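Asks: To start, I am sharing the structure in question, which I have written as structure tokens.
The values are calculated or read from the model by the stated rules, or taken from the named source; none is laboratory data. Values in this document were obtained by computation on a predicted structure and should not be read as measured data. Cβ atoms come from the backbone with ideal geometry, glycine included; neighbour counts cover every protein chain shown. Accessible surface areas use protein heavy atoms only, side chains included; no ligands, DNA or RNA. Shrake-Rupley method; radii C 1.70, N 1.55, O 1.52, S 1.80 Å.
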Amino acid sequence: AAKMKRVNAIWEHPVFQAYYKRLQELEADRIFCRHQLEHLLDTARIAYIQNLEEHLGLEKEWIYAASLLHDVGKCCQYEEGIPHEVASAQIAEKILRTLPNEQCFTEEEIRQIVTAVKGHRKARENMEPLEKLLCESDKKSRMCYACPAEKLCSWSEEKKNKEIER
């Protein structure tokens, strides 16, 4: 199998690691959904399966890059009140633009990934394919139906994932 060098470069990027570490500290005692690597990779894997099933033709590295980056700014929401999709998009662009040359994404790839990260929170009309895929997969990755804190969660019933999906 081909290695995803660009995705691994994102994971190893010092900016990503700094934000990821801070988020882990902030969510250490959180009873609700966390934004750890498990969630990020669950989102990516669900998105990739859906990409294959629906013949969307999106590149695997784009899906994994967007999934890895979509919650990177969550600590900014906790600490500064900045919506995490906005902070994550800004951080994602910074990371994507500072990858080593052999792991860099093209301008169009960066645009698509950043658009997906920024738009992952709420479905809307005319979403780009990667953006829509990330939005749907992020929700499907949450197991509200098996969460011990589900009754205390502030998410609306419509937003909660109440069934096992792909």
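Asks: How would Asp71, Asp42 rank on accessible area, largest to smallest, probe 1.4 Å? Present the calculation step by step, with values, prior to reporting the outcome.
Replies: On the way: Asp71 5, Asp42 45 Å².
Descending order: Asp42, Asp71.
Asks: Sticking with this one: Please compute the per residue accessible area over segment 29-166 with all protein chains in place, 1.4 Å probe, rounded to a whole number of Å². Provide the component values of the computation, followed by the final result.
Replies: Numbers: 7550 Å² over 138 residues.
Spelled out: the 1.4 Å probe surface of segment 29-166, per residue, equals 55 Å².
Asks: Filter the trypsin sites (Lys or Arg not before Pro) in segment 1-56 down to the DSSP loop ones having no more than 14 other Cβ atoms within 10 Å, then list what survives. Before the final figure, lay out the partial values.
Replies: Values: sites: Lys3, Lys5, Arg6, Lys21, Arg22, Arg30, Arg34, Arg45; in loops: Lys3, Arg30, Arg34.
Sparse-neighbourhood loop trypsin sites (Lys or Arg not before Pro): Lys3, Arg30.
Asks: Moving to a separate point now. Could you size up the charge dipole of the chain around its Cα centre, putting +1 on the beta carbon of Lys and Arg and -1 on that of Asp and Glu, and report it in debye to the nearest 20?
Replies: Details: 26 positive and 29 negative charges, 50 e Å.
Roughly 240 debye for the chain.
Asks: Hey, another quick one. Compute the Rg to Rh ratio over the chain from the alpha carbon atoms, using the Kirkwood formula for Rh, and round to two decimal places.
Replies: Value, to two decimals: 0.95.
Asks: Could I ask something else about it? If I model segment 33-119 as equal point scatterers sitting on the Cα atoms and use the Debye formula, what is log10 I(q)/I(0) at q = 0.24 Å⁻¹?
Replies: Treating every Cα as an identical point scatterer, log10 I(q)/I(0) equals -1.21.
Asks: Something else: Among the listed pairs Lys3/Lys140; Lys21/Lys151; Lys5/Lys151; Lys3/Lys159; Lys118/Lys151; Lys5/Lys140, which have their C-alpha atoms separated by more than 32 angstrom in this model? Present the calculation step by step, with values, prior to reporting the outcome.
Replies: Details: Lys3/Lys140 26 Å; Lys21/Lys151 28 Å; Lys5/Lys151 41 Å; Lys3/Lys159 34 Å; Lys118/Lys151 28 Å; Lys5/Lys140 26 Å.
Check vs 32 Å cut-off fails for Lys5/Lys151; Lys3/Lys159.
Asks: Need the list of aspartates and glutamates near Lys132 for cross-linking: C-alpha distance under 18 angstrom, and skip anything on the same chain fewer than eight residues off.
Replies: Asp42, Glu53, Glu54, Glu59, Glu61, Asp71, Glu85, Glu108, Glu109, Glu158, Glu165
Asks: Give me the accessible area of Trp11, 1.4 Å probe, in Å² rounded to the nearest 10.
Replies: Rounded to the nearest 10, that gives 70 Å².
Asks: Next question. With a 1.4 Å probe and all protein chains in place, put Glu136, Glu107 in order of accessible area, largest first.
Replies: Heavy-atom accessible area, descending, gives Glu107, Glu136.
Asks: Can you give the extra length, in nm with one decimal, that the chain gains between Arg45 and Lys5 once fully stretched, where that is 0.36 nm per residue apart less the Cα-Cα distance?
Replies: On the way: separation 40, 0.36 × 40 = 14.40 nm, distance 1.68 nm.
Full extension of this stretch gives 12.7 nm more.
Asks: Could you work out how far apart the two model spin labels at Glu12 and Leu56 are, taking each label as a point 7 Å from the Cα in the direction of the beta carbon, and quote it in nm?
Replies: 2.8 nm
Asks: At a Förster distance of 45 Å, what's the computed FRET efficiency of Asn101 paired with Glu150, Cβ-Cβ distance as r, to 0.05? Show your work: numbers first, answer last.
Replies: On the way: r = 46 Å, r/R0 = 1.02.
My answer for the efficiency is 0.45.
Asks: Right, here's the next one. Taking R0 as 41 Å, what's the FRET efficiency between Lys94 and Glu125 from their Cβ-Cβ distance, rounded to 0.05? Present the calculation step by step, with values, prior to reporting the outcome.
Replies: Working: r = 29 Å, r/R0 = 0.71.
Efficiency at R0 = 41 Å is approximately 0.90.
Asks: Continuing with the same structure: Would you kindly find the accessible area of Tyr19, with a 1.4 Å probe and non-protein molecules such as ligands, DNA and RNA excluded, rounding to the nearest 10 Å²?
Replies: 70 Å²
Asks: From a point 7 Å beyond the Cα of Ile82 in the direction of its Cβ, which residues of segment 104-138 have a backbone N at a distance under 16 Å?
Replies: Within reach of a label on Ile82, which here means backbone N under 16 Å from a point 7 Å along Cα→Cβ, segment 104-138 contributes 114-115, 117-119.
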